[in-house]
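Novice: Below is the structure I would like to discuss, written out as structure tokens.
The values are calculated or read from the model by the stated rules, or taken from the named source; none is laboratory data. Everything quoted here is computed from the prediction, not taken from an experiment. So basically every Cβ, Gly included, is an ideal-geometry build from the backbone, and we count neighbours across all protein chains shown.
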Amino acid sequence: MKTSDVFTPNLPEMISWGEMELNRNCIENYRKEVLWMVSNLLNLPLSKIICSPSIKISKQKFTIFKNWIHRRINKEPFQKITGHTEFYALDFNVTPGVFIPRPETERLVDEVLNIASSFKQISILDVGTGTGCIGVTLAKMLPKSFVTCIDISRKAIKSAIDNAEFHNLKNIQFKRKNIMLDKLDQPFDILVSNPPYIPKNELKSLMPEVLNHDPHKALTDNENGLVFYRYFAKNISSLVKKQGYMILETGNRKHPYKVLDLFKKNNIQSLLKNDYSNHPRVLIAQNE
């Protein structure tokens, strides 16, 4: 396909060119990512794109699309390119310097919703909120809850506030806090968190999309990947109420079992739940 200024493709041709470019540059999910880019570029749902092959593409839109494809080839995540991502079927803005939400983190939301079903009203603390994806989703799904989201990053707090305002939420608040240094006003019914869990010595082995575009403070604790979990286990009684819960994302391979062992050694009732790929991912602990 030509890419000169004279030639402007129709929608199927643009999609085909984008897929070809990403595929030959070894982008794994090239079809899905191209459709996401087109959806954001044209501000249309995926269903509309698939069912509307006659949509005409302006020269300006095609120029933007070519730029996005070239940025993706250079290993920039498509979420940062478009400025958007989907989490739990909700749209979230993704800004520079803020951790990109991952699909596996949706399992935390599943478990919170399951536990919250036994509460009439519930207080939730989202630690390390990032874009606010967990806290905002829970506030939207649980209108009788009150969600507090904390993060040490100013950029993250601003991003999370913007996403809460986009979803028109009133039952949520945001505070810039360091969970290990700043005291909480009160314990919560549920603490949920996807803390930094990548060991410092494994950081350089990450894909460039992660290593070069996610804030390192959201990736690693600069130690062995267990710092936050050790703190949560030792301080569970001051962080969550009696009979309250901690719901935490864990890492890969042996990491979930190391986290479970930390909680067991502190005599905390806890268990691991699998992610959508049937790997241990979510730790659930109760303050009995």
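Novice: Please name all residue pairs, on different chains or six or more residues apart, with Cβ atoms under 6 Å, provided the first residue is in segment 116-129 and is over 14 Å from ALA160 (Cα atoms) and the second residue is outside any strand (DSSP E or B).
Specialist: Going by the 6 Å Cβ cut-off, the qualifying pairs are ALA116/LEU142; GLN121/LYS144; ILE122/ALA116; ILE124/LEU138.
Novice: Within segment 125-136, can one find any residue that is at pLDDT below 95 and touching a strand residue (DSSP E or B) at 6+ places or on another chain (Cβ under 8 Å)?
Specialist: Checked against the condition, which is being at pLDDT below 95 and touching a strand residue (DSSP E or B) at 6+ places or on another chain (Cβ under 8 Å), segment 125-136 yields no hits at all.
Novice: Further question on the same structure: Filter segment 254-288 for residues that are small (Gly, Ala, Ser) and either under 22 Å from the mean Cα position of the chain (by Cα) or closer than 15 Å to GLY225 by Cβ (or both) and give the result.
Specialist: Listed by number, the residues that qualify are SER277, ALA285.
Novice: Hey, any hits in segment 262-283 for a residue that's closer than 25 Å to LEU113 by Cα, in the same structural domain as ILE100 (by TED's automatic domain parsing), of a type in the set (Asp, Glu) and at pLDDT 95 or above?
Specialist: Scanning segment 262-283 turns up no residue that is closer than 25 Å to LEU113 by Cα, in the same structural domain as ILE100 (by TED's automatic domain parsing), of a type in the set (Asp, Glu) and at pLDDT 95 or above.
Novice: Here's something else I'd like to know. If I filter segment 151-159 for residues that are among the β-branched types (Val, Ile, Thr), in contact with a helix residue (DSSP H, G or I) (Cβ under 6 Å, 6 or more places away or on another chain) and closer than 25 Å to GLY97 by Cβ, do I get at least one hit?
Specialist: The answer is no, given that none of the residues of segment 151-159 is among the β-branched types (Val, Ile, Thr), in contact with a helix residue (DSSP H, G or I) (Cβ under 6 Å, 6 or more places away or on another chain) and closer than 25 Å to GLY97 by Cβ.
Novice: Now a separate question. Any chance segment 230-238 includes a residue that's touching a Pro at 6+ places or on another chain (Cβ under 7 Å), of a type in the set (A, V, I, L, M), under 22 Å from ASN114 (Cβ atoms) and modelled with pLDDT of 95 or more?
Specialist: So far as segment 230-238 goes, no, none of its residues is touching a Pro at 6+ places or on another chain (Cβ under 7 Å), of a type in the set (A, V, I, L, M), under 22 Å from ASN114 (Cβ atoms) and modelled with pLDDT of 95 or more.
Novice: Follow-up. Tell me, please, whether a residue that is more than 22 Å from the chain's Cα centre (by Cα) and either at pLDDT 95 or above or buried (at least 20 other Cβ atoms within 10 Å of the Cβ) (or both) can be found in segment 246-253.
Specialist: no
Novice: Can you tell me how many residues within segment 134-161 are closer than 22 Å to HIS216 by Cα and out of contact with any Cys (no Cβ under 7 Å at 6 or more places or on another chain)?
Specialist: Of the residues in that region, 13 qualify.
Novice: Being within 20 Å of MET141 (Cα to Cα), of a type outside the set (Ser, Thr, Tyr) and modelled with pLDDT under 95 is the requirement here; does GLU104 meet it?
Specialist: Judged against the criteria, GLU104 is a match.
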